[in-house]
Amino acid sequence: MNNVQKAIQAIRNIETSADLDQLIDAFKLQRTYLARQSARSLMVGDTVTFDAKMRGQIVGQVIKINTKTVQVRCNRTQGLWKVTASALTQVA
């Protein structure tokens with residue numbers, strides 16, 4: 001059994017709303033940590049790619065790195081996107 005399956009089993013064993021609220025807080029903190037860790041690995045000018053709903057794969061350059069999001073200028077349309085850093089993949 002892998003870690004995700006163990007976590008799902010533990011969630012199913014939660015019986016109180018207070019415990020579930022505590023789990024939700026921990027989940028949000030971990031997501032924030034991962035996004036900030038991803039943002040620290042990026043620099044302005046880096047080429048990145050991400051998956052946009054209904055538009056497919058977008059390739060662009062990092063314009064600005066905010067606390068929770070990264071601004072990316074699309075190479076093809078010159079449009080600006082605000083994307084969470086954890087959704088971005090650096091292009092070598």
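Out of M1, M54, M43, which single residue is surrounded by fewer than 11 Cβ atoms within 10 Å (Cβ to Cβ) and either in contact with a strand residue (DSSP E or B) (Cβ under 8 Å, 6 or more places away or on another chain) or of a type outside the set (A, V, I, L, M, F, W, C) (or both)? Reasoning before the result, please.
Working: M1 fails: either in contact with a strand residue (DSSP E or B) (Cβ under 8 Å, 6 or more places away or on another chain) or of a type outside the set (A, V, I, L, M, F, W, C) (or both); M54 fails: either in contact with a strand residue (DSSP E or B) (Cβ under 8 Å, 6 or more places away or on another chain) or of a type outside the set (A, V, I, L, M, F, W, C) (or both).
The conditions single out M43.
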Restricting attention to the range 57-87, the residues that are open to solvent by 60 Å² or more (accessible area, probe 1.4 Å) and of a type outside the set (V, I, T) number exactly 12
What are the residues in the range 1-46 that are farther than 19 Å from Q90 by Cα and in contact with a helix residue (DSSP H, G or I) (Cβ under 6 Å, 6 or more places away or on another chain), if any?
-> I14
If we keep only residues of the range 22-56 that are assigned to a strand (DSSP E or B) and at pLDDT below 90, then the residue farthest from G79 (Cα to Cα) is G56
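Taking the range 1-37, which residues are among the charged types (D, E, K, R) and either free of Cβ contacts under 8 Å to residues at least 12 places away in the same chain or touching an Asp or Glu at 6+ places or on another chain (Cβ under 7 Å) (or both)?
From the range 1-37, those among the charged types (D, E, K, R) are 6, 12, 15, 19, 21, 25, 28, 31, 36; that's our starting set.
K6, R12, E15, D19, D21, D25, K28, listed by residue number.
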Odd one out for Q61 among (1) free of Cβ contacts under 8 Å to residues at least 12 places away in the same chain; (2) not in a helix (DSSP H, G or I) | (1)
From the options V72, V83, residue that is in a strand (DSSP E or B) and modelled with pLDDT under 95 | V83
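The values are calculated or read from the model by the stated rules, or taken from the named source; none is laboratory data. Note that the structure is a prediction, hence the values are computed from the model and not measured. Using ideal geometry, Cβ is built from the backbone for each residue, glycine included, and neighbour counts are taken over all protein chains shown. With ligands, DNA and RNA removed, areas are computed over all heavy atoms of the protein, side chains included. Shrake-Rupley method; radii C 1.70, N 1.55, O 1.52, S 1.80 Å.
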